[in-house]
Amino acid sequence: MAQTSLLKGKRFYCREWVFHKIQHCLQEKTNNLSGVISTPSKQPPLAPGGSTSNPGTLTAGSAKSGSSWGVLLVGGPGSGKTALCTELLWPTSAQGTHRGLHQQSLAFHFCRADDSDTLCVGGFIRGLVAQICRSGLLPGYEEKVRDPAVQNTLQPGECERNPTEAFKRCVLLPLLSVKPPQQALFLLVDSIDEGSQLGEGEQRSSPGSPRTIAELLASHHEFLPPWLLLICSARRQNKAITKLFTASGFPVPAGANPEC
């Protein structure tokens, strides 16, 4: 998993409207924390948007479904989705640094078609847990995931056999039980459509078990705490992924942002 900018010293230009939109979404979530908009979040069961017609363009859409809503960045190959996600995490410009959005990053994940480890659902969950513990943004989280029963679900093999249980016990329930941060945070997953075709022919470890990171997040994002904004990017050509998130609370808005 990347820990430094994938731009490798290159400058990032334009796309300011995307950062403004994300900033606005985070502010709305922060207002929710302050009681300006009060909507209780759902608890996970104990048993287990935008579009564009030009491949070189990028659009973003967000939609609300109670307190669980997120941002889906959609664009064609080469439209700058990964570069934008990288700039969001490691700003290269003075304006980006001053904006400070990177300080609201709780965890991130870059899916790569040429690296099967980045497409593994179990590895994704373990990576999230490790990042959240290291971030120091949520006091009390690390203590909760130290529980032996929780740690058992994270073990290689066990996590892969039942990723739903691992995601629930190691990510969702601890996040819902810690004291909310003073400002909203975000979880970023770039190229979430990578690996979707691989998952189509795989045997599920258990009935209803998600085969891909996209399936895992689409079926559980409604249980994320109201202070956490889920940001995903995907290629516009992958209609299955767009439909997956549209059906699960990321409807494409009637009026998308101007293409850029």
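Some points to look at:
- Cα-Cα over 23 Å, subset of Lys144/Lys179; Lys29/Lys179; Lys144/Lys243; Lys168/Lys239; Lys21/Lys81: Lys144/Lys243; Lys168/Lys239
- Normalised by the number of residues in region 91-135, the average gap of Cα pairs under 8 Å and 6 or more apart makes the relative contact order 32 percent.
- Nonlocal amide H pairs with Ser105, under 5 Å, H built at 1.01 Å: Phe186
- Using a Förster distance of 35 Å, the FRET efficiency for Glu160-Gln183 (Cβ separation, nearest 0.05): 0.55
No value in this document is a laboratory result; all are computed from the given coordinates. Keep in mind that what you see is a predicted model, and the values were worked out from it rather than measured. FYI the Cβ positions are ideal-geometry reconstructions off the backbone, even for glycines, and counts take in every protein chain you see.
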